[in-house]
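The values are calculated or read from the model by the stated rules, or taken from the named source; none is laboratory data. Owing to the predicted nature of the structure, the values given are computational and were not obtained by experimental measurement. Neighbour counts are summed over all protein chains in view; Cβ atoms, including those assigned to glycine, are modelled from backbone coordinates with ideal geometry. Protein only, heavy atoms only, side chains kept; ligands, DNA and RNA dropped before computing areas. Shrake-Rupley method; radii C 1.70, N 1.55, O 1.52, S 1.80 Å.
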Amino acid sequence: MIDFRPFYQQIATTNLSDWLETLPHQLKEWENQTHADYAKWSKIVDFLPDLQADEIDLKSAVKSDRTFPLSTGEKQRIIHHLKQLMPWRKGPYHLFGIHIDCEWRSDFKWDRVLPHLSPLQGRTILDVGCGSGYHMWRMLGEGAKMVVGIDPTELFLCQFEAVRKLLNNDRRANLIPLGIEQMQPLAAFDTVFSMGVLYHRKSPLDHLSQLKNQLVKGGELVLETLVVDGDVNTVLIPADRYAKMKNVYFIPSVAALINWLEKVGFTNVRCVDVATTTLEEQRKTGWLENESLIDFLDPNDHSKTIEGYQAPKRAVILANK
């Protein structure tokens, strides 16, 4: 099983030390109710070899390599283990010559977001709903001091730990399997990311308040979420599913979203990017057995979802506490 004690030791002398009042107990409770496959997934991480990379690139990719390449047999064994952690949603990863071609080209999103951010150099960062942690590694590539991701999905935790093991066991990034609603207000992070989460929340303003409670005064929120066209009063509330997702509750216009952020007390709220999700950014690959974006759109009109709503469009909003 994955050992969180190194993380406890790591934060004990930092601004995150107050988290130790609640976190160890929460993770003990979490361990008692994990997914039935969690033990199998965590063993797969253990089975991966301890390889020492001579080259690690987190600036332009998430990549590790060494001077002497893996043998065909070594590479096939690692691929076999990693394939048992499918589906791989967010990536891509390039690890010792193995290309994990994930469903999402998350590097596309990072390239849209990065130019607008306050410099991440030396920052302590929280990534809410981090998935397998792709963007966390890219944050380290921009000089972040420490990145903490939270995501309650056990498979994502094991994918993250597998990638970490193939990145020389880098401890500057850690994934904690909790949701934002379980975190005490720490007011300790310089930057908080919430990307692809808001529309899954039944109470979006509560989510925004929870994000604000984790930031230091003056800290920066990076919010990326689905939006629809419209004015300050426009919010789509899907009757049943949206793009085949059953857990989508509120999709606001950009103007409505800015209004929400201001209502919960954020300042300097601004939209820095709006982009329609393309079939190049989200698609089926050999690392995903499930459906993907092409299956979620109207086959005769890709400007609409299969239910008839506006096709996925995503905005990036920055704000300060």
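Remarks
- Hits in the range 53-73 (condition: open to solvent by 50 Å² or more (accessible area, probe 1.4 Å), more than 20 Å from residue 159 (Cβ to Cβ) and not polar (S, T, N, Q)): 54, 55, 59, 66, 68, 69
- Only residues that are outside any strand (DSSP E or B) and open to solvent by less than 10 Å² (accessible area, probe 1.4 Å) were counted across the range 180-195, and they come to 2.
- Filter pass, residue 230 being touching a Lys or Arg at 6+ places or on another chain (Cβ under 9 Å), open to solvent by 30 Å² or more (accessible area, probe 1.4 Å), over 30 Å from residue 44 (Cβ atoms) and among the small types (Gly, Ala, Ser): no
- Residue list for the range 76-104, restricted to those being over 21 Å from residue 170 (Cα atoms) and either of a type in the set (Phe, Trp, Tyr) or not in a loop (DSSP other than H, G, I, E, B) (or both): 76, 77, 80, 83, 104
- Residue match in the range 85-97 (condition: more than 30 Å from residue 15 (Cα to Cα) and touching a Pro at 6+ places or on another chain (Cβ under 9 Å)): yes
- The range 114-166, residues that are of a type in the set (S, T, N, Q), open to solvent by 20 Å² or more (accessible area, probe 1.4 Å) and in a loop (DSSP other than H, G, I, E, B): 118, 121, 153
- Here the range 167-179 is the region considered, the condition is being open to solvent by 30 Å² or more (accessible area, probe 1.4 Å) and touching a strand residue (DSSP E or B) at 6+ places or on another chain (Cβ under 7 Å), and the residue that is nearest to residue 21 (Cα to Cα) is 172.
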